[in-house]
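Undergrad: What follows is a single structure, and I will ask about it in a moment.
The values are calculated or read from the model by the stated rules, or taken from the named source; none is laboratory data. These figures come from a predicted structure and were not determined experimentally. Neighbour counts run over all protein chains shown; Cβ positions are idealised from the backbone, glycine included.
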Amino acid sequence: MPRRQRKQTWKSAAANHALDLAGYPSTMEEAIRIIAERLLEGVAQVPTDLFSVASHIGFTDLPEVEAEEPDDTIHDDGLRFYETEVIYTTEDRADLARDIARHFFANQEPRGFTRGAELERIVAMLAAELLIPSEAFATFTEGPLHIGNILQTAKAFDVSIRTAARRWAQGPYLTIFEVTIDDINWGYGGVSKGPVQTLETELRAIVSEAMNSPFVEPVSFFSAKRPWFGSRRVEWTDIGFNRTLFLVRIPRRDERRT
């Protein structure tokens, strides 16, 4: 079940058009999901075949991706090596998804939508739904949640860990954030970017110990302060470049004594 959404009034013409296209559901999130389902009809979704989506809406201005320049150096075996394959990185895919979403709204009839703060937010929402479609993502939420699920989602859908974390954090009572030394790089579900010192005392102590310990056994803590308020379970894992990913969730029954 998704995290409870605050009631929000959307004022732009693009927002009203998106709601109209989807049949005026109760939330913009639902409208974007419906629009994405139509764009993804018949398209492979794990990971999403963005090129098929682009073709479906007539978007041909694909971003240029530079292949490696020919290596003219004569190597020990006397051969020259040439790199000819064009590889789209995870970042390239994220850019392409936004370009597709922007093109979609810019070519709506009877008028297109090309600017505005709300339009950019809607574009970002549609891009995220194209990268990790709700229906495909649902298969990854079956069974107990562990921090490894977030990494598996990022790999399967070919998205960044942050994008996968944002999707998981839409669920109830979940907080996911990334820490580098003393700073929170990003966070969802109750933790925001900033110094680690801004964390609640109990959680801050766990984070500090985790950053200085090779052990990765999950631990529990209790807090009477929001957003935690009650027992919570903390998991973490090293994701490279001095970055550590943290997951805070409600402990399951068999975990409440550990």
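Undergrad: Any residue that is surrounded by 16 or more Cβ atoms within 10 Å (Cβ to Cβ), closer than 22 Å to Arg166 by Cα and either small (Gly, Ala, Ser) or at pLDDT below 90 (or both) - is there at least one of those in region 54-66?
TA: no
Undergrad: Would you check which residues across region 179-198 are on the phi < 0 side of the Ramachandran plot and buried (at least 21 other Cβ atoms within 10 Å of the Cβ) and list them? Even if it seems obvious, please write down each step before you answer.
TA: Going through region 179-198, the residues on the phi < 0 side of the Ramachandran plot turn out to be 179-180, 182-188, 191-193, 195-198.
Across region 179-198, the qualifying residues are Val179, Gly187, Val191.
Undergrad: Report those strands (runs of 3 or more DSSP E) wholly inside region 205-258 carrying at least 2 residues which are closer than 18 Å to Ile150 by Cβ and at pLDDT 90 or above.
TA: The qualifying strands (runs of 3 or more DSSP E) are 230-240, 243-249.
Undergrad: Would you point out which residue out of Arg167, Arg162, Arg121 is assigned by TED's automatic domain parsing to the domain that holds Asn107, under 27 Å from Ala94 (Cα atoms) and either assigned to a loop (DSSP other than H, G, I, E, B) or charged (D, E, K, R) (or both)?
TA: Testing whether each residue is assigned by TED's automatic domain parsing to the domain that holds Asn107, under 27 Å from Ala94 (Cα atoms) and either assigned to a loop (DSSP other than H, G, I, E, B) or charged (D, E, K, R) (or both) leaves just Arg121.
Undergrad: Also, quick follow-up: For region 220-228, state whether one or more residues are loosely packed, with under 13 Cβ neighbours inside 10 Å and out of contact with any strand residue (DSSP E or B) (no Cβ under 9 Å at 6 or more places or on another chain).
TA: yes
Undergrad: Go through region 47-62 and count every residue that is polar (S, T, N, Q) and part of a loop (DSSP other than H, G, I, E, B).
TA: 1
Undergrad: Within region 170-191, does at least one residue satisfy the condition of being in a helix (DSSP H, G or I) and not assigned by TED's automatic domain parsing to the domain that holds Asp95?
TA: no
Undergrad: Among the listed residues Ala128, Ala136, Ala164, which satisfies the condition of being under 16 Å from the mean Cα position of the chain (by Cα), closer than 18 Å to Ala14 by Cα and buried (at least 16 other Cβ atoms within 10 Å of the Cβ)?
TA: Only one candidate qualifies: Ala128.
Undergrad: Looking only at region 233-258, filter to residues that are surrounded by 11 or more Cβ atoms within 10 Å (Cβ to Cβ) and without any contact (Cβ under 8 Å) to a residue 24 or more places away in the chain; which one of those is nearest to Gly171 (Cα to Cα)?
TA: Arg233
Undergrad: If you scan region 18-33, which residues turn out to be surrounded by fewer than 18 Cβ atoms within 10 Å (Cβ to Cβ) and either touching a strand residue (DSSP E or B) at 6+ places or on another chain (Cβ under 6 Å) or within 15 Å of Phe105 (Cα to Cα) (or both)?
TA: Within region 18-33, Asp20, Leu21 qualify.
Undergrad: What number of residues within region 221-231 are touching a residue at least 24 places away in the same chain (Cβ under 8 Å) and within 10 Å of Glu202 (Cβ to Cβ)?
TA: Total satisfying the criteria: 2.
Undergrad: On to the next question. For region 135-147, name all the residues that are within 27 Å of Arg232 (Cα to Cα) and either of a type in the set (A, V, I, L, M, F, W, C) or at pLDDT 95 or above (or both).
TA: Step one: of region 135-147, the residues within 27 Å of Arg232 (Cα to Cα) are 137-147.
Across region 135-147, the qualifying residues are Phe137, Ala138, Phe140, Leu145, Ile147.
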